[in-house]
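The values are calculated or read from the model by the stated rules, or taken from the named source; none is laboratory data. Since the structure is predicted, the reported quantities are computational estimates derived from the model, not experimental observations. As a convention, Cβ positions derive from the backbone with ideal geometry for all residues, glycine included, and neighbour counts pool all protein chains shown. Surface areas here come from the heavy atoms of the whole protein model, side chains and all, with no ligands, DNA or RNA. Shrake-Rupley method; radii C 1.70, N 1.55, O 1.52, S 1.80 Å.
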Amino acid sequence: MWLISLIIITLTAALVLFGTRSAGKLASARKTETHMDILRQSERELILRAQLYGINEAMSYVQTLDPLIQEQFYIYNNNNDEIMSTFKAKKPFWIVQNRKTISNHNNEFYDRWGNYFRLEIEDVLNMPIWFSLSYSGYALRTFISLFISAIAAYFLAYQMCNSILAIAATVREVKNGNMFAKISGTFMENKDEVGQLAHSINHMIESIRDMRSNEQQLLSDVAHDLRSPLARQKLALNFISKKEVQFNPLKLNEFIERAEIENERLNDLISEVLIYLRAENSNTSISLSPISLNQILSEVIEDAAFEAHPQNKVIHCNLQEDIIILGIYPKLIRAFENVVRNAVFHTPMNTTITINIDNSDSHIVRIDIIDQGDGVPENKVHLLTRPFFRSDSSRGTVNGGYGLGLPICQAIINEHLGSLAIANIDPHGLKVSISLNKKK
Ligand SMILES: Nc1ncnc2c1ncn2[C@@H]1O[C@H](COP(=O)(O)OP(=O)(O)OP(=O)(O)O)[C@@H](O)[C@H]1O
Ligand SMILES: [Mg+2]
């Protein structure tokens, strides 16, 4: 669109400039002393030739003159008819009329045969610039070019207004709560700025819709996960309030313990949700400081080995030279801890969890945590970082987790401007790869 507007404006400007400049040049050429001299000399010559050889010879002489001079000569007979108009006849009528009105120079003469003639010479010295323009038809050209650009500008503006109105209507719909509103129209096919803006707004509406549905999903998942421990706690408290339980210390203790466990679970769940929300909404411009990757991994492996050892699960890591990365120590501990503990939980007894460090890139270090478990159904791998997702569809607490470990890990890695990739491996097992920026 901007290209078309530019072409129209340039063409119009060029035409107007050309017209004005040419007309201006013409007018100033006519105002020079030399031109006036030639004019006077030609006038004398014309009358002389008429007197010596007759009016026809005089007119033939005029036609040998410079067109600029010819244009200024008007010869009338005794009936006041203009008799020399071969050159001027080509001009549009209003220009001829204009010329006559400004003639101020009178010259009457008789030719060789005594016929009366009157010679009028146009005076251009006092010609205003607007008249100079109309003088040679440049005003017409300028007017036509302005007219064309006005029509083109009208159509451009009309098209643009229509597209903008369509965009505004959709934005209004979104504001009124219709998140399925979408901008449509033929203008969307254009690659111009308005088309691009409409596509961007459509993408933005889609993103907001996704964000809203994610939030709703999170809310319903939190509610769902809160409901079960709350129900169990209520049940336990109900039992505690019963007389037969109160008189049975063993039962009473059992229900009190149950109520405490459920209470703790509620507390844990709420803390995990808060940690996730904080990590998700954290500002990525946090100041990351240099930390030792070896130190983080050693700490995480030591803690995880404590859990793995009784089941004869081994954690093997190719820690060598120390790599300094940019990060926040406690947050990275939390991220790695969850992935390594997941691996320990899912790998079968008597197997090994391998932690591989790829330090071949000069800017990024990649840490792969690989277990020998069953992995995750291929169509669910992309859901692992979604809050409250657990690949066992029962949503039961098989491992006692909330399904918030990997989403928190993803949020922390995002915060560190790194990346998290999860994939099943052959013949079985899950590989979680975490990439982080090294200190330069
Ligand atoms: N190494 C793995 N092998 C197989 N499945 C896994 C593995 N790691 C994670 N998963 C699946 O992904 C789900 C989500 O993992 P995530 O760490 O987010 O939550 P969680 O471990 O269930 O609970 P928590 O919030 O305590 O971490 C797990 O419930 C499990 O089904
Ligand atoms: Mg976990």
In this structure, is His416 near ligand 1 (Cβ under 10 Å from one of its atoms) and either touching a residue at least 24 places away in the same chain (Cβ under 8 Å) or open to solvent by 20 Å² or more (accessible area, probe 1.4 Å) (or both)?
-> no
If you go through Asn379, Asn350, Asn359, the only one that is more than 9 Å from ligand 1 (Cβ to nearest atom) and closer than 26 Å to Phe306 by Cα is Asn350
For segment 415-428, how many residues meet the condition of being in contact with a strand residue (DSSP E or B) (Cβ under 8 Å, 6 or more places away or on another chain) and away from ligand 2 (no atom under 16 Å from the Cβ)?
-> 8
Segment 230-241, residues that are open to solvent by less than 90 Å² (accessible area, probe 1.4 Å) and either free of Cβ contacts under 8 Å to residues at least 24 places away in the same chain or in a loop (DSSP other than H, G, I, E, B) (or both) = Ala231, Asn238, Phe239, Ile240, Ser241
Of (1) polar (S, T, N, Q); (2) open to solvent by 40 Å² or more (accessible area, probe 1.4 Å); (3) modelled with pLDDT of 85 or more, Thr170 satisfies every one except (2)
Matching residues, segment 302-330, being within 16 Å of ligand 1 (Cβ to nearest atom), surrounded by fewer than 21 Cβ atoms within 10 Å (Cβ to Cβ) and assigned to a helix (DSSP H, G or I) = Asp303, Glu307, Gln311
Only one of (1) more than 23 Å from Gly429 (Cβ to Cβ); (2) under 39 Å from the mean Cα position of the chain (by Cα); (3) in the same structural domain as Val432 (by TED's automatic domain parsing); (4) touching a residue at least 24 places away in the same chain (Cβ under 8 Å) does not apply to Phe336, and that is (1)
Working only within segment 190-199, note down all residues that are farther than 12 Å from Val171 by Cβ and open to solvent by 30 Å² or more (accessible area, probe 1.4 Å).
-> Asn190, Lys191, Glu193, Gln196, His199
Is it true that Asp368 is modelled with pLDDT under 95 and either part of a loop (DSSP other than H, G, I, E, B) or open to solvent by less than 70 Å² (accessible area, probe 1.4 Å) (or both)?
-> no
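Kindly provide the set of residues from segment 181-200 that are in contact with a helix residue (DSSP H, G or I) (Cβ under 8 Å, 6 or more places away or on another chain) and in a helix (DSSP H, G or I), ordered by number. Steps first, please.
Just the residues of segment 181-200 that are in contact with a helix residue (DSSP H, G or I) (Cβ under 8 Å, 6 or more places away or on another chain), to begin with: 181-185, 187-189, 192-195, 197-199.
Those that are in contact with a helix residue (DSSP H, G or I) (Cβ under 8 Å, 6 or more places away or on another chain) and in a helix (DSSP H, G or I): Phe187, Met188, Glu189, Glu193, Val194, Gly195, Leu197, Ala198, His199.
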Counting only residues in segment 396-411 that are more than 7 Å from ligand 1 (Cβ to nearest atom) and at pLDDT 90 or above, the one most open to solvent (accessible area, probe 1.4 Å) is identified as Gln410
Specify the residue that is nearest to the chain's Cα centre (by Cα); the eligible residues are those in segment 200-216 that are closer than 30 Å to Tyr402 by Cβ and open to solvent by 70 Å² or more (accessible area, probe 1.4 Å).
-> Glu206
Pair list, Cβ under 8 Å, 6 or more apart: segment 31-47 residue in the same structural domain as Phe73 (by TED's automatic domain parsing) and in contact (Cβ under 8 Å) with a residue 12 or more places away in the chain, other residue among the aromatic types (Phe, Trp, Tyr) and surrounded by fewer than 17 Cβ atoms within 10 Å (Cβ to Cβ) | Glu45/Tyr61; Leu46/Tyr61
Could you tell me which residue of segment 256-281 is nearest to the chain's Cα centre (by Cα), considering only residues that are away from ligand 2 (no atom under 16 Å from the Cβ) and open to solvent by less than 30 Å² (accessible area, probe 1.4 Å)?
-> Leu266
